[in-house]
Amino acid sequence: MNPLAALKETREDIGPIQAQPGLGNAASPKNILVLQLARLGDLVQTWPLLSRLRRAYPGARLSLLTDRRLLPLQAAGPEVDEVIGFDFLQLGSLATANWPGAYQLLADFHQDLQTRRFDLVFNLNFSRLSLLLTHLLGARAKGYLSALGGREFSREPWLAWIYSLVHARRFNRFHLTDVFRHLAPESGTAPAMGRAGAGLKEEPVIALQLATRHVRRTWPLEHFTRLAEYLVRHLSARVLLVGTKAERSLGERLRAALPDVLRERVVNLQGRTGLEELAARLEQTHLLISGDTGTLHLAAALGVPTVALFLGPALCFETGPYGSGHYVLQAEPPCHPCTEAASPCPQEGPICLEMLPPELVGRLVSGLLETGKAAADLSLPAGSRLYGSEMDAFGVFYRCLGNEPLRFLDLVGDAYRRAGVWLAGEEKGAGAGGQGPGAQAPVAQASRLYTLDPPPTPYREREKLSSMDLHALEELRTFLHQGLPVPPELPEAAAALRPLLAFQAEMQRQGREELFAGVKAVFAAHL
């Protein structure tokens, strides 16, 4: 059997899964490997984890394994002792045409890794390849782990909590960067990400990233064209089109649609910049406007102000621009967030593509360039929201701007975040020799490591909920306090329970019922 098939895709009945000890209970590692085999954006969102590991283990050797095509980018990231590149394109080609060659390539690479004698591995991907490498290295592991040949997410409570939110993504309020970052021990230093909004130049220079990895995440090219015309005509901006060689035709179509007098102000750099030059170009701009892309995450990490256009499957709470001072226009139709599945969109349009008009984006950018913040009188179409990114003791969060009404969705999402923050603090406190979860009343006991500000005032004004949302909230509270079933005519309340019930099932498998009780109490206390 070839090595890439060694991990079965089907789940096996593996019985109870034992919780792994926290890093605080083990010997301090001397040689750490971080596996990040995914795309550009995922690598950038790994940088805060690398920084935290460097602070937590200053005497350890820190290595990063990534796609060799991304090696030039790491020069812009945090300092590590070694960046190991692997040719995944070659492996994929061999896996299709030459299994013995693929096996030998992987075997040689594994042998090379073994000579480094890693004693702690952070696997941040759930691909069969990364699971296999993690398993074969034989070191202590954090992140995604393999269990008896199946693709199993690590069962430590923090990741089990994050995984449970997949059952109802619209309630998720945890950014991927913070998911990665909190796999490492607390270093005592809050993350700092760049200079968004500071040091802008006199002539507006605005970068546009036209494409995303999936059509459902992509703002229409016609909208980008109208936006580019607005930026040049009304703001006298110089516009840079950034992206890959494969996207270059999009930029040429955009430029061709502009009047001659405006076209010279729009420069197409798509496919003409390597990763290092892209980073340098972004640092020279006032602003990047982009969907959910690697370019967006790179700009945010460099401290470049961003305006993100999120629609379809893209959810800013999960993968928005990280750090303070960024803005996200989020389309939130009833079907949001959808998936990238092959089935056609059930909506005509799809409707989310028309919920973020170019003139709205132009007015937002105009206010940002003039005053450094969004205009207070910005009028949003129904179903769309404007969020501003902020940082607290735990990580990034996105505050809804304007006078949007409080929703059941907002309350439940905030409660899930606060319960997760408590859980992360409890686990790290226990790993560092604390009393452990469940030792004290969870609501009365503040997290030892993370203290969040009280919820914003609108979150405490529950009487402003719509009658339907208020009814759903009361039914959810009833279930939490009395265990009664949620009526079928309240699907939103039932959906809000799915992550909590999924986490309960996982904690029962681990024999950690007391930890679930604490999380449930914190969750209920914030509703």
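The values are calculated or read from the model by the stated rules, or taken from the named source; none is laboratory data. All of these numbers come straight from a predicted model, not from anything done at the bench. Every residue, glycine as well, gets a Cβ built from its backbone with ideal geometry; the counts of neighbours run over all protein chains shown.
Quick check on this structure: which one of ALA524, ALA496 is within 18 Å of ASN172 (Cα to Cα) and crowded, with 18+ Cβ neighbours inside 10 Å?
Exactly one residue qualifies, and that residue is ALA496.
Okay, residues lined up against (1) small (Gly, Ala, Ser); (2) closer than 14 Å to TRP161 by Cα; (3) outside the structural domain of PRO454 (by TED's automatic domain parsing); (4) in contact with a strand residue (DSSP E or B) (Cβ under 8 Å, 6 or more places away or on another chain):
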{"position": "VAL486", "(1), (2), (3), (4)": "no, no, no, no"}
{"position": "LEU497", "(1), (2), (3), (4)": "no, yes, no, no"}
{"position": "PHE503", "(1), (2), (3), (4)": "no, yes, no, no"}
{"position": "GLY518", "(1), (2), (3), (4)": "yes, yes, no, no"}
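Which of (1) within 18 Å of ASN403 (Cβ to Cβ); (2) among the small types (Gly, Ala, Ser); (3) at pLDDT 90 or above does GLY362 not meet, given it meets every other one?
Going through (1) within 18 Å of ASN403 (Cβ to Cβ); (2) among the small types (Gly, Ala, Ser); (3) at pLDDT 90 or above one by one, GLY362 breaks only (1).
Could you list, in sequence order, the residues of region 120-133 that are farther than 20 Å from GLN90 by Cβ and surrounded by fewer than 19 Cβ atoms within 10 Å (Cβ to Cβ)?
PHE126
Only one of these conditions is not met by PRO442: (1) closer than 19 Å to PRO157 by Cβ; (2) at pLDDT 80 or above; (3) not polar (S, T, N, Q). Which number is it?
Status for PRO442: all satisfied but (2).
What residue, among those in region 128-162 that are part of a strand (DSSP E or B) and aliphatic (A, V, I, L, M), is modelled with the highest pLDDT?
ALA141
Scanning for something under 21 Å from GLY320 (Cα atoms) and within 30 Å of the chain's Cα centre (by Cα), does region 262-278 turn up at least one residue?
Yes: region 262-278 contains one or more residues that are under 21 Å from GLY320 (Cα atoms) and within 30 Å of the chain's Cα centre (by Cα).
Quick one: in region 349-359, which of the residues that are of a type in the set (A, V, I, L, M, F, W, C) and at pLDDT below 95 is nearest to GLY325 (Cα to Cα)?
Residue satisfying both the conditions and the ranking: MET355.
A quick yes/no check of all residues on (1) within 17 Å of THR177 (Cα to Cα); (2) surrounded by 15 or more Cβ atoms within 10 Å (Cβ to Cβ); (3) in contact with a helix residue (DSSP H, G or I) (Cβ under 6 Å, 6 or more places away or on another chain):
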position	(1), (2), (3)
ASP42	yes, yes, no
PRO58	no, no, no
ASP67	no, yes, yes
LEU70	no, yes, yes
GLN74	yes, yes, no
GLU82	no, no, no
GLY101	no, no, yes
ALA107	no, no, no
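Restricting to region 302-327, and then to whatever is under 24 Å from LEU409 (Cβ atoms) and polar (S, T, N, Q), can you tell me which residue is farthest from the chain's Cα centre (by Cα)?
SER324
Among what's in region 255-270 and is assigned to a helix (DSSP H, G or I) and either on the phi > 0 side of the Ramachandran plot or out of contact with any strand residue (DSSP E or B) (no Cβ under 7 Å at 6 or more places or on another chain) (or both), pick the residue that is surrounded by the fewest Cβ atoms within 10 Å (Cβ to Cβ).
ASP260
Residues that are of a type in the set (Ser, Thr, Tyr), at pLDDT 90 or above and assigned to a loop (DSSP other than H, G, I, E, B): does region 477-489 have at least one?
no
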